[in-house]
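Here is the structure we will look at, set down as structure tokens.
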Amino acid sequence: MRKFNIFNIKLLTFLILILTSCGIYKPVDVREVPVNAEDRIRKNMEEGKGIQLFRKDNFGVGSFSEFNPLWRASLDTLDFMILSSADYGGGIIITDWYSENNDDEAIKITVRFHSNEIRADGLDVIIHNKICDEKNKCNVSKVDGTLNNEIKIAILKKAVTYNKDFQARAKKQRKKKRPSSPKK
């Protein structure tokens, strides 16, 4: 019985030392913590203590895919095709197999993003061609041709247009928020 009590005391002491050294209880000065919830959230975000989804930037425009003109332009360029996968965080768009009139031949387009900047090396367009014979045996091959480059140029042109539109809207909204200077 005595060994059991000594073991319990040692275990309890060990746990108290471990838990208090980990900083579970951290006294906070009330004067340093904002009372308003919005201020606390802002303070925590500035200190890197939280995450924020669908953040609003200074212009009141959501920062998800609306803010990325390259992403929007890619989706709009490929809107005639069914998307198999679109991962904004991973930077990839994959279409399903597409065929207009020929059931024996189809293409699949993959767009990989390397950067959010509107640059020619900021994305890759990869096209795969699937040709099937009468026995439904299909051969898939990667296409290296002008279509890859044409799609890439179309995406980049749309992205530039979207970026100009976004900047014009942002400029207009900034002007609305600025107080007008008093006239003398």
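Can you pull out the residues in the range 121-153 that are of a type in the set (A, V, I, L, M, F, W, C), touching a Leu at 6+ places or on another chain (Cβ under 8 Å) and farther than 18 Å from Met81 by Cα?
Within the range 121-153, Leu123 is the sole residue that qualifies.
Restricting the range 94-116 to residues that are surrounded by fewer than 13 Cβ atoms within 10 Å (Cβ to Cβ) and among the acidic types (Asp, Glu), which is modelled with the lowest pLDDT?
Here is the first cut: in the range 94-116, the ones surrounded by fewer than 13 Cβ atoms within 10 Å (Cβ to Cβ) are 96, 99-104, 114-115.
Next, only the ones that are among the acidic types (Asp, Glu) stay: 96, 100, 103-104.
On the way: Asp96: 94, Glu100: 87, Asp103: 81, Asp104: 88.
The qualifying residue modelled with the lowest pLDDT is Asp103.
Could you figure out which of (1) modelled with pLDDT of 80 or more; (2) surrounded by 10 or more Cβ atoms within 10 Å (Cβ to Cβ) isn't true of Phe80?
Condition not satisfied by Phe80: (2).
Can you give me the number of residues within the range 82-132 that are closer than 19 Å to Glu150 by Cα, in contact with a Lys or Arg (Cβ under 8 Å, 6 or more places away or on another chain) and among the basic types (Lys, Arg)?
So the answer is 1.
Could you please find all residues in the range 100-114 being free of Cβ contacts under 8 Å to residues at least 24 places away in the same chain and touching a Gly at 6+ places or on another chain (Cβ under 9 Å)?
The answer is Arg112, His114.
So which residues in the range 138-155 are touching a residue at least 12 places away in the same chain (Cβ under 8 Å) and of a type in the set (A, V, I, L, M), if there are any at all?
Val140, Val143, Leu147, Ile151, Ala154, Ile155
The values are calculated or read from the model by the stated rules, or taken from the named source; none is laboratory data. Note that this is a predicted model, so its numbers are computed, not measured. Every residue, glycine as well, gets a Cβ built from its backbone with ideal geometry; the counts of neighbours run over all protein chains shown.
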